[in-house]
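Please read through the structure below; I'll follow up with questions.
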Amino acid sequence: MAVSPTLLCAGFGYSARALAPRLLARGWHVLGTTRSADRMGAIHDMGVEPFVWNETEKPDADMVCSASHILASAAPDDSGDPALRDFGDAIRQSKTLRWVGYLSTTGVYGDRRGEWVDEDSALHATTRRGQMRVKAEAAWQALDLPLHIFRLAGIYGPGRGPFSKVRKGTARRIIKAGQVFSRIHCDDIATVLEASIDRPAPGAIYNVCDDLAAPPQQVIEYAAKLLNVPPPPEIAIQDADLSPMAASFYAESKRVSNRRIKDELGVALAYPTYHEGLAAVLAAEKAHEPE
C-alpha cells in the first residue's frame, strides 16, 4: 500500500490553513506547528496533527524527517530563519523530501515607484522586514533541497479584510500620490501552492499576486460600497500618523507580474482583482455570522 504524502507546515498560519483542507481531501497527512498549546485543539479539529514550536519547545527530528513536503512560513527574525535555526539539521538530513515551499514576500523587490517587477528583477529591499526576507531566501537556497520560493503580495481573505474597520468607522483612505499595492486572496495562494506541489520545479521562484495593483484607498472605497456605507474621508499620508508597520507598507510602490504562475503552473486565479476578492470575503464572513 502506498504511503500517503505528508506535509509539514512550519508555522500553521493563514496561508497554511487555506492549503491544508485541499490536501486533506486528497488523503494527505498534514502536520502543523503552533506557538501556543492553546491552539492545538482548533488545529486538530481541522484534521491536522498539531505540534508546539516556540522558544522552549522544538519539533522532534523524527517528525521533520517523516515529511515528504515542507511549507515554511514563519517570519525571520534578527537571528535568521527560525525553521532553519531550530530544525535545519533534520531538514538537511531528510531522505524523504520531494518538495519544499518557502513563503517570502514581494517586499524583497523594494520600492520601484509604481514600476513593474518580475521574478528576475533584482532584489533591493528597502524595509527591514524585506531585508530579512532576502537573507532568509538566500539561507534556504544555500541548502540542497527541492526548494520553491513564493513571494506573496498583501494577503487578504475571510477574517483578514477591511470590512470590520469600515463598519466600525476606523478605516482610513490614506492618499499618497502614485501609491499602488499588489494583493492576493488566500484561496489563490492555496491554488498556487497546490499547483506547485503537483508540478514541482526545484529552484523555481514565483510571484503570488493578483492581476491588479491598486491604490489602497480604492480598496477601502470599494469595501464601503459593498457594505452600502459612505467611504471614510481621505487623509493625506503626511497627516496620517502611521505606525512603523503601516509606514513600511507605504514606503514601497510597485506592480508585480504574476505571469509565471499562469504560464508555468497553469494557475487561473479565482479572484483576479480585489473586486471579486472582496465580494467573496464579504459573502464568506456573512455566511459565518450568528443568526
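The values are calculated or read from the model by the stated rules, or taken from the named source; none is laboratory data. What you see is a predicted model, and the numbers here were worked out from it, not measured in a lab. FYI the Cβ positions are ideal-geometry reconstructions off the backbone, even for glycines, and counts take in every protein chain you see. These accessible areas exclude ligands, DNA and RNA; they are computed on the full protein's heavy atoms, side chains included. Shrake-Rupley method; radii C 1.70, N 1.55, O 1.52, S 1.80 Å.
How many residues does segment 172-182 hold that are buried (at least 21 other Cβ atoms within 10 Å of the Cβ) and out of contact with any Phe, Trp or Tyr (no Cβ under 8 Å at 6 or more places or on another chain)?
Residues in segment 172-182 being buried (at least 21 other Cβ atoms within 10 Å of the Cβ) and out of contact with any Phe, Trp or Tyr (no Cβ under 8 Å at 6 or more places or on another chain): 1 in total.
Please count how many residues of segment 247-267 are in contact (Cβ under 8 Å) with a residue 12 or more places away in the chain and open to solvent by 40 Å² or more (accessible area, probe 1.4 Å).
As a first pass, look at segment 247-267 and keep what is in contact (Cβ under 8 Å) with a residue 12 or more places away in the chain: 248-261, 264-267.
If we keep only those that are open to solvent by 40 Å² or more (accessible area, probe 1.4 Å) too, we end up with 249, 251, 255, 259-260, 264, 266.
Summing the residues that are in contact (Cβ under 8 Å) with a residue 12 or more places away in the chain and open to solvent by 40 Å² or more (accessible area, probe 1.4 Å) in segment 247-267 gives 7.
Could I ask something else about it? Look through Gly88, Gly130, Gly80 and report the one residue that is open to solvent by less than 50 Å² (accessible area, probe 1.4 Å), on the phi > 0 side of the Ramachandran plot and at pLDDT 90 or above. Please lay out each step first, then the result.
Details: Gly88 fails: on the phi > 0 side of the Ramachandran plot; Gly130 fails: on the phi > 0 side of the Ramachandran plot.
Matching residue, one of Gly88, Gly130, Gly80: Gly80.
Then there is this: With respect to Lys165, determine if the residue is more than 30 Å from Leu19 (Cα to Cα) and of a type in the set (Lys, Arg).
Numbers: more than 30 Å from Leu19 (Cα to Cα): no; of a type in the set (Lys, Arg): yes.
Taking the combined requirement at face value, the residue does not satisfy it.
Exactly one of these conditions fails for Gly47: (1) in contact with a Ser or Thr (Cβ under 8 Å, 6 or more places away or on another chain); (2) more than 21 Å from Ile155 (Cα to Cα); (3) not β-branched (Val, Ile, Thr). Give me its number.
Result: Gly47 fails condition (1) only.
What do you reckon, is Gly107 farther than 23 Å from Thr6 by Cβ, touching a residue at least 40 places away in the same chain (Cβ under 8 Å), small (Gly, Ala, Ser) and in a helix (DSSP H, G or I)? Step through it out loud before you land on a result.
On the way: farther than 23 Å from Thr6 by Cβ: yes; touching a residue at least 40 places away in the same chain (Cβ under 8 Å): yes; small (Gly, Ala, Ser): yes; in a helix (DSSP H, G or I): yes.
When the stated conditions are applied, Gly107 passes them.
If you don't mind, there's one more thing I want to ask. Yes or no: segment 183-192 includes at least one residue that is part of a loop (DSSP other than H, G, I, E, B) and open to solvent by 30 Å² or more (accessible area, probe 1.4 Å). Let's see the steps before the verdict.
Our first condition is that a residue be part of a loop (DSSP other than H, G, I, E, B); within segment 183-192, this holds for none.
Scanning segment 183-192 turns up no residue that is part of a loop (DSSP other than H, G, I, E, B) and open to solvent by 30 Å² or more (accessible area, probe 1.4 Å).
If I ask for residues that are of a type in the set (Phe, Trp, Tyr) and within 28 Å of Arg98 (Cα to Cα), which ones from segment 117-173 would you list? Let's see the steps before the verdict.
First, pick out the residues of segment 117-173 that are of a type in the set (Phe, Trp, Tyr): 140, 150, 156, 163.
Correct list: Trp140, Phe150.
Tell me which residues, restricted to segment 58-74, are open to solvent by 60 Å² or more (accessible area, probe 1.4 Å) and either in contact with a Cys (Cβ under 7 Å, 6 or more places away or on another chain) or within 18 Å of Gly13 (Cα to Cα) (or both). First the steps, then the outcome.
First, the residues of segment 58-74 that are open to solvent by 60 Å² or more (accessible area, probe 1.4 Å): 58, 60, 62, 66.
Of everything in segment 58-74, just one residue is open to solvent by 60 Å² or more (accessible area, probe 1.4 Å) and either in contact with a Cys (Cβ under 7 Å, 6 or more places away or on another chain) or within 18 Å of Gly13 (Cα to Cα) (or both), namely Lys58.
Do we have any residue at all in segment 201-212 that's among the aromatic types (Phe, Trp, Tyr), surrounded by 15 or more Cβ atoms within 10 Å (Cβ to Cβ), in contact with a helix residue (DSSP H, G or I) (Cβ under 6 Å, 6 or more places away or on another chain) and under 25 Å from His124 (Cα atoms)?
Taking segment 201-212 as the starting set, the residues that turn out to be among the aromatic types (Phe, Trp, Tyr) are 206.
Restricting the remaining residues to those that are surrounded by 15 or more Cβ atoms within 10 Å (Cβ to Cβ) gives 206.
If we keep only those that are in contact with a helix residue (DSSP H, G or I) (Cβ under 6 Å, 6 or more places away or on another chain) as well, we get 206.
Retained after the next criterion (residues that are under 25 Å from His124 (Cα atoms)): 206.
Yes, that holds for at least one residue.
A further question follows. Would you mind finding the one in Leu226, Leu145 that is open to solvent by 20 Å² or more (accessible area, probe 1.4 Å) and part of a loop (DSSP other than H, G, I, E, B)?
Numbers: Leu226 fails: part of a loop (DSSP other than H, G, I, E, B).
Testing whether each residue is open to solvent by 20 Å² or more (accessible area, probe 1.4 Å) and part of a loop (DSSP other than H, G, I, E, B) leaves just Leu145.
Conditions first: (1) more than 17 Å from Leu143 (Cα to Cα); (2) at pLDDT 95 or above; (3) open to solvent by less than 50 Å² (accessible area, probe 1.4 Å). His44 passes all but one, so which condition is the exception?
(3)
Results for (1) more than 16 Å from Cys209 (Cβ to Cβ); (2) part of a strand (DSSP E or B); (3) not hydrophobic (A, V, I, L, M, F, W, C), shown as yes or no for each residue.
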{"position": "Ala42", "(1), (2), (3)": "yes, no, no"}
{"position": "Gly47", "(1), (2), (3)": "yes, no, yes"}
{"position": "Pro50", "(1), (2), (3)": "yes, yes, yes"}
{"position": "Asp62", "(1), (2), (3)": "yes, no, yes"}
{"position": "Ala74", "(1), (2), (3)": "yes, no, no"}
{"position": "Ala83", "(1), (2), (3)": "yes, no, no"}
{"position": "Val134", "(1), (2), (3)": "yes, no, no"}
{"position": "Phe150", "(1), (2), (3)": "no, yes, no"}
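Given the criterion under 30 Å from Ile70 (Cβ atoms), under 21 Å from the mean Cα position of the chain (by Cα) and at pLDDT below 95, identify the matching residue among Ser248, Ser257, Ser196.
Ser248
Quick one: would you say Arg112 is open to solvent by 20 Å² or more (accessible area, probe 1.4 Å), touching a residue at least 24 places away in the same chain (Cβ under 8 Å) and assigned to a loop (DSSP other than H, G, I, E, B)?
In short, yes.
Out of everything in segment 28-41 that is over 18 Å from Ala72 (Cβ atoms) and touching a strand residue (DSSP E or B) at 6+ places or on another chain (Cβ under 6 Å), what residue ends up being surrounded by the most Cβ atoms within 10 Å (Cβ to Cβ)?
First, the residues of segment 28-41 that are over 18 Å from Ala72 (Cβ atoms): 36-41.
Pick out the ones that are also touching a strand residue (DSSP E or B) at 6+ places or on another chain (Cβ under 6 Å) and you get 37, 40.
Numbers: Ala37: 12, Met40: 17.
That would be Met40.
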